[in-house]
Structure formats: C-alpha cells, structure tokens
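No lab work stands behind these numbers, since they all come straight from the coordinates. Only a predicted model underlies this, so the values are computations on that prediction, with no experimental measurement involved.
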Amino acid sequence: MPHLRSLAAQGQLTPQKLLQLTNHPSDALIEVVTVDEFFAIATQEQDWHDSKEREIVQRFQHAC
C-alpha cells in the first residue's frame, strides 16, 4: 500500500482514494480534518500524565 503521508503530500490522497486503499465501501462517510484538528487531543498535556506521556505529547506537538 502506498504511504498515505506521501500521497497526501503529493495531493493525490482524495477521500475516494482513501476509501479504496482502506477497503471501505465507496459510499462510506469521511470527515476531512486538518492535521491540527486530528492531533488536538494528543498535543495537550494533562495533569495526570507521567513523564513518559509528557514526552509523547511533546513529540506530537513538534510533529504538527
């Protein structure tokens, strides 16, 4: 399967192409969101996070 990030960067990842690559029906619903919206929860530190979880949050913050 082609790398989805590569297809997206080349402007070749359409909702229809994503459905095809993931073996979903062509009439399945798709919600298009930005990268920031997708990672919003993962990029927010929480009081209950331990040091390992805080490191993960920081990696996601830098990825966006």
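Couple of notes before you dig in:
- Here the gap between Ala63 and Ala8, fully extended at 0.36 nm per residue and compared with their Cα-Cα distance, gives a gain of 18.2 nm.
- The chain: radius of gyration and largest Cα-Cα distance (Dmax), Å: 15.4, 43
- Length added when fully stretched, Val33-Lys52, from 0.36 nm per residue minus Cα-Cα: 4.1 nm
- For the chain, the longest principal axis of the Cα atoms and the long axis of helix 51-63 meet at an angle of about 50 degrees.
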